[in-house]
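What follows is calculated from the coordinates using simple rules that are stated; it is not laboratory data. Predicted, not measured: the structure shown is a model, and the values here were computed from it. Virtual Cβ from ideal backbone geometry, glycine too; neighbours counted across all protein chains shown.
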């Protein structure tokens, strides 16, 4: 009975976001799965399809703090993390927290800043804390980074290093709306760039409780075996230069648990893994140069990953 009530809570959150973002139910669900799995999301798509709006609506649907950071070439690590300033009256340094100290942080156009500044997010995304001047500061919970980037524009951008990509639980796209949904958007949104108001439907404490419940979703040994066999396949394929790491295997298990939870189950089934394996793994592999350019309308990594995993037997 409790599980049914929790599903209703997830459904309310989905409906709240879907009241503004039309026709993107799968993308909305993926972001919620990422939130419940304590992961970070990379939304990669062309400009103007609602990447930042999606992130803002998620934040506004939860009673929690929200900060948006516009990444630019002159952004410094201290602009994200914060800085220690000397207080003459107290005769000591006082730490002034940066925008990373929020429950939901939108890193807008993350690939427009330098690798040094991008790396400032690594510790925060990995262990939900930042270390400044030898002092560790814990970040608020829940903590979620939603980064956006434009995959087709390269002028003035800095590709995310592999270590940074590996910190994102999943990479998703929104895509263009259908003509039917675009008409609705034109009717309802009166001003360009305006994000309609939505009421919060969850508290931060409720999100943390749900995140904890996800960790107790059961994963049978045969499914864990499937995840490891799939990971090994990416490491052994001649089409893939850099396979999925152990962090990637853990991320897939965690995402499958969150998907099962969202669907009202306290156990994982093969479909949970199969549905999450693309969003969670495609951005983590490095396709061998010989096989680059095989993606038609997709990333090479997505096409190659599908080909490699098609050879791995799925448990019944």
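Quick one: among 81, 144, 42, which has the greatest mean-square fluctuation in a GNM of the chain with alpha-carbon springs under 10 angstrom? Maximum among the listed residues: 81. For segment 7-61 versus segment 123-156, the spacing of their alpha-carbon centroids is 19 Å. Between residue 7 and residue 70, the simple label model (points 7 Å from Cα in the Cβ direction) yields a spacing of 4.4 nm.
If you restrict to DSSP beta bridges whose two residues both lie in the chain, what percentage is antiparallel, to the nearest 5? Present the calculation step by step, with values, prior to reporting the outcome.
Values: 12 of 31 bridges.
Bridges in the chain that DSSP calls antiparallel: roughly 40 percent.
Most simply put, segment 74-179 has about 70% antiparallel DSSP beta bridges, counting only bridges with both residues inside it.
Sorting 113, 215 by the number of Cβ atoms found within 10 Å of their own Cβ, with the fewest placed first, yields 215, 113.
For a footprinting-style exposure proxy, rank 101, 158 by other Cβ within 10 Å, fewest first.
On the way: 101 20, 158 17.
So the ranking, lowest neighbour count to highest, is 158, 101.
For segment 253-289, backbone nitrogen atoms closer than 12 Å to the point 7 Å from residue 220 Cα along Cα-to-C-beta are found at 267-271. With springs only between Cα atoms under 10 Å apart, run a GNM on the chain and tell me which of 133, 300, 266 wobbles the most. Highest fluctuation among the options: 133. Using bins of 5 Å that start at zero, the share of Cα-Cα pairs per bin across segment 215-316 amounts to 2, 14, 25, 24, 17, 11, 6, 2, 0, in whole %. With N the number of residues in segment 1-103, Rg(Cα) / (2.2 N^0.38 Å) evaluates to 1.42. Spin-label pair residue 179-residue 92: with each label point 7 Å from Cα along the Cα-Cβ axis, the two points sit 6.7 nm from one another.
Projected label points at residue 85 and residue 310, each 7 Å from Cα along the beta carbon direction, are separated by 5.9 nanometres.
Report relative contact order for the chain in percent, whole number only (criteria: Cα-Cα under 8 Å, sequence separation at least 6).
22 percent
Multiplying the residue separation of residue 165 and residue 133 by 0.36 nm and removing their Cα-Cα distance gives an extension gain of 8.9 nm.
Using the number of other C-beta atoms within 10 angstrom as an exposure proxy, rank 58, 122 with the fewest first. Let's see the in-between values first.
Working: 58 26, 122 15.
So the ranking, lowest neighbour count to highest, is 122, 58.
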